[in-house]
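Q: Before we start, here is the structure in question, set down as structure tokens.
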Amino acid sequence: MKILLQKVTIRELTKEYEDNNEAGVVGYGGQLDIRPPYQREFIYKDKQRDAVIETVFKSFPLNVMYWAVRDEGGYEVIDGQQRTISICQYVAGDFSYNGRYFYNLHANEKEQVLNYELMVYHCSGTDSEKLDWFKIINIAGAQLTHQELRNAVYAGSWVTEAKRYFSKIGCPAYGIGNKYVNGELNRQAYLETAIDWINDGDIEGYMALHQHDPNANELWLYFQAVIAWVQATYPTYRKEMKTVAWGELYNQFKDKPLDSKKLDAEVTRLMLDEDVERKKGIYSYLLDGKEKHLSIRAFSPAMRREAYERQRGLCPDCGKHFEHEAMEADHVTPWHEGGKTTASNCQMLCMEDNRRKGGR
């Protein structure tokens, strides 16, 4: 990797600046690809964006930026995309700073901004060297998510198309799935979730297989099918549904006949059950019957001590005496049969008997 430090004025940087959404963002007289395939979406908040412009107005130095020199000519941003777009958007009149747009500035103020010099490293090397460097230098910035890095590694026609469905504010996936999918849309959370669901957690394997596909129709159709299945299976929406691994449940139960009315009534009952501490686990529990999803409320220390004293330290299963620390609390009437986590329904079993019972 060869690295050469250069000075670039804002006047030069913003010449022929264009933001064409999916078609890309360019500047520097059309020679600079500001958002190449492996770059993240624009994620700066207003405060961060304003801080960049304030730095320019005060003639303070901005952090060094990195551009990759392309073999075919021109450059692409490795690091500094957020700062670069902030500057270009301001000069283009997309937002104001301290109540003034760029076009409202006096002539001398405009010249001050346009003559501001940015320190830019021009980097030459192989694609893998540039990508490795990109990962390293972004550690100090707004750190890339795992999916943003995957988009970099598997950049191609498929990623471009997938982002169109899953990565933009107002994108189709957000329109149908925002109640059911957690995470930031522009940090690739929706795309990551959809791939995780469709390929049983092997995100890299799926992206490697489809990297050069002309479209992402398979993933988009699958995501629509998952959301439609969720809405049909659990018709009453509750906030706890936003963090459920719906794809995993869809893959396992989509072909099984389910009574949505009965399931809905059971959701209501379990939501009201104070022993159920992990409410989002209700949806999985009702399909696979595993109580581990629910985190059933444990007996309190006082309940356990009361049961131990009542039993005089004797295990009701084996009849042997044990110290308190060698025994574990158990429901006399199991929770799934209507037993509650109360002192009257608590018994102390020796560890061996309790674990044997739990395994039945």
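Here, each number is a calculation from the coordinates, and none is a lab measurement. All values reported here derive from a predicted model rather than from experimental measurement. No Cβ is skipped: glycine too gets one built from the backbone with ideal geometry, and neighbour counts run over all protein chains shown.
Q: Given +1 on the Cβ of Lys and Arg, -1 on the Cβ of Asp and Glu, and no further charges, what dipole in debye does the chain carry about its Cα centre, rounded to the nearest 20? Walk me through the numbers on the way to the answer.
A: Details: 46 positive and 53 negative charges, 200 e Å.
That gives the chain a dipole magnitude of about 960 debye.
Q: With an 8 Å Cα cut-off and a minimum separation of 6 or more residues, compute the relative contact order for segment 220-360 in percent.
A: Details: 146 pairs, mean separation 23.2, N = 141.
Rounded, it is 16 percent for segment 220-360.
Q: Oh, and also: Working out 0.36 nm times the residue gap between E54 and L209, then minus their Cα-Cα distance, what length gain in nm do you get to one decimal? Present the calculation step by step, with values, prior to reporting the outcome.
A: Working: separation 155, 0.36 × 155 = 55.80 nm, distance 4.54 nm.
Extra length available between E54 and L209 comes to 51.3 nm.
Q: What number comes out for the charge environment of F57, summing +1 per Lys or Arg and -1 per Asp or Glu over other residues with Cβ under 15 Å away?
A: Details: positive: R49, K58, R83, R100, K110; negative: D50, E54, E109, E111, E117.
Result for the local shell: 0.
Q: Residue farthest toward the positive end of the dipole of the chain, with Cβ of Lys/Arg at +1 and Asp/Glu at -1: which of T160, N178, Q6?
A: Toward the positive end, the furthest listed residue is N178.
Q: Can you give the longest run of the chain that contains no chymotrypsin sites (Phe, Trp or Tyr not before Pro) sitting in a DSSP loop with at most 14 other Cβ atoms inside 10 Å?
A: Working: sites that count: F95, Y101, Y237.
The longest uninterrupted stretch comes out as 102-236.
Q: For the pairs K290/K357; K15/K110; K292/K357; K242/K279; K239/K280; K2/K58, flag any whose C-alpha to C-alpha distance is greater than 20 Å.
A: Values: K290/K357 15 Å; K15/K110 14 Å; K292/K357 15 Å; K242/K279 12 Å; K239/K280 9 Å; K2/K58 32 Å.
Violating the 20 Å Cα-Cα cut-off are K2/K58.
Q: Turning to a different aspect of this structure: To the nearest 10 degrees, how steeply does helix 127-137 sit against the main Cα axis of the chain, on a 0 to 90 scale?
A: Its long axis makes an angle of about 70 degrees.
Q: Another question, then. Taking +1 at the Cβ of each Lys and Arg and -1 at the Cβ of each Asp and Glu, which of Y237, I195, L221 sits farthest along the dipole of segment 167-296 towards its positive end, judged by Cα position relative to the Cα centre?
A: Projecting each Cα onto the dipole axis, the largest value belongs to Y237.
Q: Taking the chain, how much of its Cα-Cα pair set, in percent, is spaced more than 29 angstrom apart? Could the numbers behind the result be given before it?
A: Numbers: 37808 of 64620 pairs.
Cα-Cα pairs of the chain separated by over 29 Å account for 59 percent.
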